[in-house]
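Report on the structure given below.
The values are calculated or read from the model by the stated rules, or taken from the named source; none is laboratory data. Not measured: the values here are computed from a predicted model. Cβ: placed from backbone, ideal geometry, glycine included. Neighbour counts: every protein chain shown. For the accessible areas, the whole protein counts, side chains as well, though only heavy atoms, and no ligand, DNA or RNA atoms are used. Shrake-Rupley method; radii C 1.70, N 1.55, O 1.52, S 1.80 Å.
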Amino acid sequence: MSSPKLSILVVGGSLERLQMAAMVASIGAVSGAEVQMLLSMNSLQYFARGNTQEPAPEGTIGRTMAGKKVPPFKQLLQHAVELGDAKIHPCSMAMDVMGTKSEDLEPFLARPLGLTKFLADAASGQLLTF
Amino acid sequence: MTSKQVIDARGSFCPGPLMELIAAIRLADIGDEIELLSTDQGSATDIPEWIHKVGHEMVSTVSDSGVWHVVVRKAK
């Protein structure tokens, strides 16, 4: 029997959205799902190699999380890749708009992906958007 | 020979305790027991669910003074 497929589209750039997307990806991956994530729009900037800029919170939870021992979203995504079957793709359109090359991004990211291929792969499973 | 180790994840929020447990299980030998200490309330239900799903063995789940002691055995 093949693994369930979980596709996650991330377009928001707030701390809460990135955190929740990373939580879903990591839990899904370590629970046996085949996870693919597409980082697009305002999310991609936080995956520039060596980026230290933290995403801004959009509400109370995000502001409160800052002082708590919450696993950082990038660490969760690395766990999803290393401990499970997850692929985190940068969106090729967002890369073109930003003038970003693959070598400018975090090394744990997979190859750039277009929306057409992402949606084709997502057709056989669940698709979540953050 | 099997062994038992304790993972102290107190203070870490979901899914930190589960991730620490998974990392420990990967390094353990089959039959080893791992006791996870967690103050994350979701651990009491989420970790048994994960253990059941992936096929390891739950030994016990006990709450003591606000700390969950979750003991699992690596089965495969």
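Where the second residue is open to solvent by 40 Å² or more (accessible area, probe 1.4 Å) and the first is more than 20 Å from A:Phe47 (Cβ to Cβ) and lies in segment A:61-85, which pairs have Cβ atoms under 8 Å and are six or more apart or on separate chains?
Partner pairs satisfying both residue conditions: A:Arg63/A:Pro57; A:Lys68/B:Phe13; A:Lys69/B:Phe13.
So which residues in segment A:1-58 are closer than 20 Å to A:Pro71 by Cβ, within 12 Å of the chain's Cα centre (by Cα) and β-branched (Val, Ile, Thr)?
A:Ile8, A:Val10, A:Val24, A:Val35
Answer with yes or no whether B:Asp8 is facing chain A (nearest Cβ under 10 Å) and either more than 23 Å from A:Val24 (Cα to Cα) or open to solvent by 20 Å² or more (accessible area, probe 1.4 Å) (or both).
Values: facing chain A (nearest Cβ under 10 Å): no; either more than 23 Å from A:Val24 (Cα to Cα) or open to solvent by 20 Å² or more (accessible area, probe 1.4 Å) (or both): yes.
For B:Asp8, the condition - facing chain A (nearest Cβ under 10 Å) and either more than 23 Å from A:Val24 (Cα to Cα) or open to solvent by 20 Å² or more (accessible area, probe 1.4 Å) (or both) - is not met.
Looking at segment B:11-38, which of its residues are closer than 15 Å to B:Val67 by Cα and more than 11 Å from chain A (Cβ to nearest Cβ)?
Across segment B:11-38, the qualifying residues are B:Glu35, B:Leu36, B:Leu37, B:Ser38.
How many residues does segment A:1-20 hold that are assigned to a helix (DSSP H, G or I) and either within 23 Å of A:Asp96 (Cα to Cα) or more than 14 Å from chain B (Cβ to nearest Cβ) (or both)?
Filtering segment A:1-20 for residues assigned to a helix (DSSP H, G or I) gives A:15-20.
Within this subset, residues satisfying the condition of being either within 23 Å of A:Asp96 (Cα to Cα) or more than 14 Å from chain B (Cβ to nearest Cβ) (or both) are A:17-18.
Selection size over segment A:1-20: 2.
Would you mention how many residues in segment A:61-77 are more than 10 Å from chain B (Cβ to nearest Cβ) and assigned to a helix (DSSP H, G or I)?
7
What number goes with the only condition from (1) under 9 Å from the mean Cα position of the chain (by Cα); (2) open to solvent by 30 Å² or more (accessible area, probe 1.4 Å); (3) within 14 Å of chain A (Cβ to nearest Cβ) that B:Arg73 does not pass?
Condition (3) is where B:Arg73 drops out.
Any chance you could count how many residues in segment A:42-54 are within 17 Å of A:Gln19 (Cβ to Cβ) and in contact with a strand residue (DSSP E or B) (Cβ under 8 Å, 6 or more places away or on another chain)?
3
Can you name every residue in segment B:49-60 that is open to solvent by 20 Å² or more (accessible area, probe 1.4 Å), of a type in the set (Val, Ile, Thr) and touching a residue at least 12 places away in the same chain (Cβ under 8 Å)?
Within segment B:49-60, just B:Val59 meets the criteria.
Can you work out which of the residues in segment B:17-48 that are among the charged types (D, E, K, R) and surrounded by fewer than 15 Cβ atoms within 10 Å (Cβ to Cβ) is nearest to B:Arg73 (Cα to Cα)?
At the first step, the residues of segment B:17-48 found to be among the charged types (D, E, K, R) are B:20, B:26, B:29, B:32-33, B:35, B:40, B:46.
Okay, now just the ones that are also surrounded by fewer than 15 Cβ atoms within 10 Å (Cβ to Cβ), so B:26, B:29.
On the way: B:Arg26: 12, B:Asp29: 10 Å.
Ranking the candidates gives B:Asp29 first.
Quick check on A:Val35: is it under 26 Å from A:Asp104 (Cβ atoms), touching a Phe, Trp or Tyr at 6+ places or on another chain (Cβ under 7 Å) and either buried (at least 22 other Cβ atoms within 10 Å of the Cβ) or among the aliphatic types (A, V, I, L, M) (or both)?
Working: under 26 Å from A:Asp104 (Cβ atoms): yes; touching a Phe, Trp or Tyr at 6+ places or on another chain (Cβ under 7 Å): no; either buried (at least 22 other Cβ atoms within 10 Å of the Cβ) or among the aliphatic types (A, V, I, L, M) (or both): yes.
Judged against the criteria, A:Val35 is not a match.
Quickly run through segment A:23-38 and pick out the residues that are more than 7 Å from every other protein chain (Cβ to nearest Cβ) and either touching a Gly at 6+ places or on another chain (Cβ under 9 Å) or not in a helix (DSSP H, G or I) (or both). Step through it out loud before you land on a result.
Initial filter on segment A:23-38 (more than 7 Å from every other protein chain (Cβ to nearest Cβ)): A:24-25, A:28-29, A:33-38.
Matches in segment A:23-38: A:Ala25, A:Gly28, A:Ala29, A:Ala33, A:Glu34, A:Val35, A:Gln36, A:Met37, A:Leu38.
Just checking, does segment A:54-72 include any residue being farther than 27 Å from B:Gly42 by Cβ and among the small types (Gly, Ala, Ser)?
no
Condition first: open to solvent by 40 Å² or more (accessible area, probe 1.4 Å) and within 14 Å of chain B (Cβ to nearest Cβ). Now tell me which residues in segment A:84-104 satisfy that.
A:Asp85
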